[in-house]
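Everything on this sheet refers to the single structure shown next.
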Amino acid sequence: MAVEYRKDRKKWGYRVYLAGRCFKKYAWDTKREAREAEREFLVEIKKNPPPPKNTLTAVASQYLIESARKGRSKWRLDGLRWNFNKFILPFFGENTLVTTIKRKDVEEFVLAQKQRGVKNKTIWNYVTDLRAMFNWALKEGLVVSDPVSGADLDPIRNRKPHKPPLKLEDVELAASVLEGYDRVYFDFMRYTGLRKDEANRVRWEDVDLVNGWL
């Protein structure tokens with residue numbers, strides 16, 4: 001802790017180191033004012049100590065900053081920010097130390113999302129973001145292991161979408177609102193089973209009306 005004078009700013013201020021962090025401010029004309037400000041700062045920070053640097057909130061914020069620095073797209077950064085703020089931080093706790101998050105915690109997170117009715121693919125995206133953050137923290141020396149890698153993710157292994165069966169009534173309803181060329185085009189595709197790009201390439205010479213071939 002020190003009270004000092006900044007020649008470049010022509011102001012007195014203080015510099016305080018706490019829990020590996022540096023707090024400094026230069027805004028006073030006299031040394032006495034800076035000393036009093038330092039004393040008030042120490043009293044206030046004792047009442048409301050800052051969270052450690054390795055809380056989940058702090059690490060997630062650092063990971064987002066690093067992701068932006070490496071050129072991640074805006075939509076990807078927005079997705080990361082949304083997933084962390086909306087789902088990951090509320091479950092694990094904003095001030096939870098990343099070193100205390102274990103494999104079982106990740107598994108409980110997965111099960112909690114399933115109980116909310118979230119689709120497996122969406123939960124997998126949450127877990128992917130969490131794993132990416134831990135991999136980054138591992139490289140930075142903030143954690144010694146990645147709890148996501150050892151977690152049992154079998155409940156969300158099946159991520160194939162389940163498409164509902166086609167209802168012929170819906171097809172007929174769609175056809176009923178079409179007329180003229182549009183109806184002909186629609187009927188041509190539904191009765192031949194062609195995709196749109198295939199139907200667009202069909203020529204009259206491809207159609208054999210006598211033998212019923214296309």
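Taking a cut-off of 26 Å, what percent of all Cα-Cα pairs in the chain are separated by more than that?
The calculated P(r) of the chain puts 63 percent of pairs beyond 26 Å.
Leaving ligands, DNA and RNA out of it, report the carbon-plus-sulfur percent of the accessible area of the chain at a 1.4 Å probe.
Result for the chain: 54 percent of the exposed heavy-atom area is carbon or sulfur.
Write down the Kirkwood hydrodynamic radius of segment 108-214, to one decimal in angstroms, obtained as one divided by the mean of 1/r over all alpha carbon pairs.
Hydrodynamic radius (Kirkwood, Cα pairs) of segment 108-214 is 19.1 Å.
Using only the Cα atoms of segment 1-126, what do you get for the radius of gyration and for Dmax, in Å?
In order Rg, Dmax, the Cα atoms of segment 1-126 give 20.8, 62 Å.
Evaluate the charge dipole of segment 79-121 about its Cα centre and quote only its size in Debye, nearest 20, assuming +1 on the Cβ of each Lys and Arg and -1 on the Cβ of each Asp and Glu.
240
Taking only protein heavy atoms into account and a 1.4 Å probe, give the accessible area per residue of segment 1-148 in Å².
It amounts to 63 Å² per residue over segment 1-148.
How would segment 82-163 be classified by its alpha-carbon gyration tensor: rounded, prolate or oblate, with rounded meaning a/c under 1.5 and the a/b versus b/c comparison settling the rest?
Here segment 82-163 falls in the prolate category.
Using helices alone, what [θ] at 222 nm do you get for the chain, with -39,500 (n - 2.57) per DSSP H run of 4 or more residues, divided over all residues and rounded to the nearest 500?
My calculation for the chain gives -15500 deg cm²/dmol from helical runs alone.
State, to one decimal in nm, how far the label point of T128 lies from the label point of R195, with both points 7 Å from Cα in the Cβ direction.
In this crude spin-label approximation the distance works out to 2.3 nm.
What value does segment 12-80 have for Rg/Rh, both radii from Cα atoms and Rh as Kirkwood defines it?
1.18
Suppose every K and R has +1 on its Cβ and every D and E has -1 on its Cβ; what is the size of the dipole of the chain about the Cα centre, in Debye to the nearest 20?
Roughly 1700 debye, rounded to the nearest 20.
With the cut-off at 1.5 for a/c, could you classify segment 55-94 from its C-alpha gyration tensor as rounded, prolate or oblate?
Cα axes put segment 55-94 in the oblate bin.
The values are calculated or read from the model by the stated rules, or taken from the named source; none is laboratory data. Small disclaimer: the values here were computed from a predicted structure and weren't measured. All Cβ positions, even for glycine, are placed from backbone atoms using ideal geometry, and neighbour counts span all protein chains on display. The area values use the complete protein model at the heavy-atom level, side chains included, leaving out ligands, DNA and RNA. Shrake-Rupley method; radii C 1.70, N 1.55, O 1.52, S 1.80 Å.
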